[in-house]
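Worksheet: one structure, shown below.
Derivation of every value follows stated rules applied to the coordinates shown; laboratory data play no part. From a predicted model like this one, the values you see are computed outputs, not experimental measurements. Here the Cβ is made from the backbone with ideal geometry for all residues, glycine too, and neighbour counts use every protein chain on show.
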Amino acid sequence: MTTASLPAKHPTGNQNRWKTVRKQLPNYLFILPHYFFFAVFLLYPIFRGVQISLFDWKIMLKDQKFIGVANYQALMSDKIFWEVLGNTGQFMVITVIINVIIALFVATGLKHGFFGSDFLRVLFYAPGILSVSVLGIIGIRVWDTQIGIINYFVTTMLGGPRISWLGNPDIVIPALSITTVWWTFGFPMLVFIAGLQNIPEPLYEAAKIDGANPLRTFRHITLPLITPTMLFVVVTQFIAHMQVFAQPYIISGGGPGNASRSATMYLYETAWKFFRFGYASSISVVLALVMIVVTVILFSMMRQRTEY
Amino acid sequence: MRKLSVGLTLLMVLAMLISACGGAAPAAPADTGAADTAAADAAPVAEAPAAEPTPVVNNFGECDDPLVLWHGLTGSDGAVFAELLKQFTDANPDVCLNSEGYPWDIFFQKYPTAVAAGTPPDMVIFHAAEVNQMAHEGLMTPMDDVIFNDGTLNKADFNEVLINGITVDGQTMAVPFDNHGWLLWYNTKLMEDAGLDPNVLPANGAEFIEVAQKLTTDVNGKHPNEEGFDKDNVQIWAIDYTWPRFTIPTTLWQFGGGVVSEDGKTATLSSPESVAAVQFWHDLMYKYYVAPPAVPGKMWAGDLYKNNQLVFMWEGTWTGGFMRDNPDVAALTKTAFINSLAPDGNQAVKFDSHIMSIPTGVDQDGMDKAKKLMTFLVQSGAYWATSGQVPALKSVQALPEVQSIASVAKAAEQFNAIGRTDLAHPAFIEIQTAWETAVGNALATPDADVAAALQAGNDQIQAILDRP
């Protein structure tokens, strides 16, 4: 039996693309609502914010005064901006480092299920479900100079001096950081637990057979293999804590002086207390740029992955 | 085992849910809070008033097109204010009211955005100090043609200093509802216990320190000028550094200093007089130990006062409400002009006002209703005085029922005699934030360099003033 072979009819490039688009169309439709809201509520405000930063924006004026990059020039010589940016950086560094260390430490302990491990996971995650207002009230009570529980232990049990935790410019940010760590370390802990559980168990068994002690095992197996998780945790923590607002706003009021005022707090005040919307927009643009640059640096630093 | 663990977890989640549904612990008032809320927030801490719920959103009367009023009177004076609004709708059945009270920071977010969006309330109430800024932002309707020029209200019957403060480019932008500000409240019993005559008050800074050292007592009964005084465990303080927004301008003016020069062009926060004024407070806290250090979150003066742990309390006229709700405390309390801390005994006190205004963009119907309400509220100052605030009209201040409220009578006399208001400026709130921050830095620690902190604030304020 012979078969006559007809010349194959190959689709053209355009037809291929159209076919692919038609095939993918349902997927696009699924994400369309998200992109619609993303465009309306995020993309447009971002564009508008950048635009407003180029004006001396008055809320009631119909014709706004274009001033180019004058807001940015003023920002570069604004001592308060640099001070609050420094405060924010200090808060972020302290909080991220302690959060990562404690979360990883606790996750390592809770990686394997044991009696009470579920309870402990909930216990450590529990502060995270509190609203920031509640956290603020707790923070005020805990760090209070006169009736705070910390000073109770310091003075009554340790016989130490009454410390003005929120009134001393040198220790107010660490106090806010510690409060925040207590509140937020549950999330990175859970992420680390998930990451640790993805590391193949035979690697640990092999290391054990080779006589590696727990410290070396952690350094040479756990740490390298958890790098992608670490990158995720560090980047998300960095972004979250660079935007710190409510903790200093509620607990210390940004004081004493500007000692605990954060960049977002300054941004809020500039817009909604001083009605300098153009200048506030320039602050938000610069803050966003700083965060984008640092995030890219973090990605490039931690991009390297280890596989065994 | 696992079941037990899961059970414990569920129990804990349940416990957290229950605790989350429970009432939160009362927080100490922030120093930067509004006057009205400061008194009100602090009251529950002292387990004081709160006999009646605080009115936040209230409707009075029934109609399709209510007069919408936004304000920040959510504190202890809010209940009196709500009663006034009820009296208004009872007297004017053709008008109904929708009264919405907000914390001040929320108010100042909603107000400009509502005006910009073309949906303003018919009437707003905020402070005289902020009028210049709001007027320059284009948020206010001038009131001369609305209520003064036709003789409905007589401008001369209001405090002249106050009227000047709310006049922008020759136009009066608001109608004062009251005068409120600092007044000296002092505990006569603690003075007598210390062997002092409650009718003889210190007349200047030096005399005050002398008296304050006799009054301040630690838990062992020792005074700050005695060997072994325990500054960390003080039982009775002579004075407290209450709300800096009123305390500092008052002290600066007593010393001959200020924040900005009279012409509004030069920052004067670092002048020798201003530095001396703030240094005096620093010394009261860290040198003489007669005032608790000014740290964030510190206990409200009212709590100390209520517990007989504070003798001289520089507090607002609205404290009258607190006294009304605490007759045992009121029985031991007298009021007087704010005592001078200056070397020469120069007297000055800061006062402000709740002002009523019509936002830009309100239609004629809304303006007519607002005018009616404003007139009623101003003329009902005698009832408003029961909240502790001083009526705006001098003719009402002189009424017997007002004069019978001792603190109101004293405050009215004080404001008319030595009262001063903040300098009006389009960047008022930014300037205020700058000096509050600088003073906060100056008073934060015992080793703070007061002059350097005020110089930094001065530079910042000058930069604001120099802005085109």
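Highest-first packing order for the peptide set A:163-170, A:123-130, B:125-132 is B:125-132, A:163-170, A:123-130, based on the mean count of other beta carbon atoms within 10 Å. Database remark: amide H of B:D352 closer than 5 angstrom to the amide H of B:H180, B:G181 (H placed geometrically; neighbours at sequence offset of 5 or more, or on other chains; Pro and chain starts carry no H). For B:V390, the amide hydrogen comes within under 5 Å of the amide hydrogens of B:N179, counting only partners 5 or more places away or on other chains and with H modelled in the peptide plane. Take each residue of peptide A:248-261, count the partner chain Cβ atoms within 10 Å of its Cβ, and average: the result is 6.
On the basis of the beta-carbon distance and an R0 of 51 Å, A:F153 and A:L203 show a calculated FRET efficiency of 0.75.
Among DSSP beta bridges lying fully in chain B, give the percent that are antiparallel, nearest 5. DSSP beta bridges in chain B are roughly 70 percent antiparallel. Shape class for chain A: oblate, because the ratio a/c of the largest to smallest gyration tensor axis (alpha-carbon atoms, square roots of eigenvalues) is 1.5 or more and b/c is at least a/b.
Taking every residue in A:114-121 and counting other chain Cβ atoms within 10 Å of its Cβ, the average works out to 5. Annotation for segment B:70-133 versus segment A:75-115: alpha-carbon center distance of 42 Å.
Note on B:V68, A:V154: ascending count of other Cβ atoms within 10 Å places them as A:V154, B:V68, the fewest first. Judged by the mean number of other Cβ atoms found within 10 Å, the most tightly packed of the peptides A:183-194, B:102-113 leads the ranking A:183-194, B:102-113. Report the net charge of residues surrounding B:A452, where surrounding means a beta-carbon distance below 14 angstrom and charges are Lys +1, Arg +1, Asp -1, Glu -1. Net local charge, B:A452 excluded: -2. Under a 5 Å amide H cut-off, with hydrogens placed 1.01 Å from N, B:M143 pairs with B:T172, B:M173, B:A174 among residues at least 5 apart or on other chains. 3J(HN,Hα) along segment A:283-295: 4, 5, 5, 5, 4, 5, 4, 4, 5, 5, 4, 5, 5 Hz, from the Karplus curve 6.51 cos²θ - 1.76 cosθ + 1.60 with θ = phi - 60°, whole Hz, x for Gly and Pro. Across chain A, the relative contact order, built from alpha-carbon pairs under 8 Å that are at least six residues apart, equals 27 percent. Per-residue mean of foreign Cβ neighbours for B:420-433 is 2 (Cβ atoms of other chains, 10 Å radius). Rounded to the nearest whole Hz, the Karplus-based 3J(HN,Hα) values (6.51 cos²θ - 1.76 cosθ + 1.60, θ = phi - 60°) of segment A:262-276 follow the sequence 9, 4, 6, 5, 5, 4, 4, 5, 4, 7, 9, 9, 9, 6, 9, with x at glycine and proline. Charged neighbours of B:T216, selected by a Cβ distance under 10 Å, balance to +2 (K, R count +1; D, E count -1).
When each of the peptides B:418-426, A:285-293 is scored by the mean number of other C-beta atoms lying within 10 Å of its residues, the order from highest to lowest reads B:418-426, A:285-293. Using R0 = 45 Å, the C-beta based FRET efficiency linking B:A463 and B:D157 works out to 0.65. Neighbour counts of other Cβ atoms within 10 Å put A:T108, B:T251 in the fewest-to-most order A:T108, B:T251. Our note on the geometry: Cα centres of segment B:370-435 and segment A:159-204, 50 Å apart.
Computed 3J(HN,Hα) for segment A:229-239, one whole-Hz value per residue from the Karplus formula 6.51 cos²θ - 1.76 cosθ + 1.60 where θ = phi - 60°, is 5, 4, 4, 4, 5, 5, 5, 5, 5, 4, 5, glycine and proline marked x.
Binning at 10 angstrom from zero up to the longest distance, how are the C-alpha pair distances of segment A:20-66 distributed in percent? Going from the shortest bin to the longest, the percentages are 24, 28, 23, 14, 11, 0. The helix-only estimate of mean residue ellipticity at 222 nm for chain A, built from DSSP H runs of length n ≥ 4 each weighted as -39500 (n - 2.57), is -19500 deg cm²/dmol after division by the residue total.
Taking the fewest neighbouring Cβ atoms within 10 Å as the starting point, the ordered list for B:S99, A:S284 is A:S284, B:S99. Measuring nothing but how far apart in sequence close Cα pairs (under 8 Å, 6+ apart) lie, relative to its length, chain B scores a relative contact order of 22 percent.
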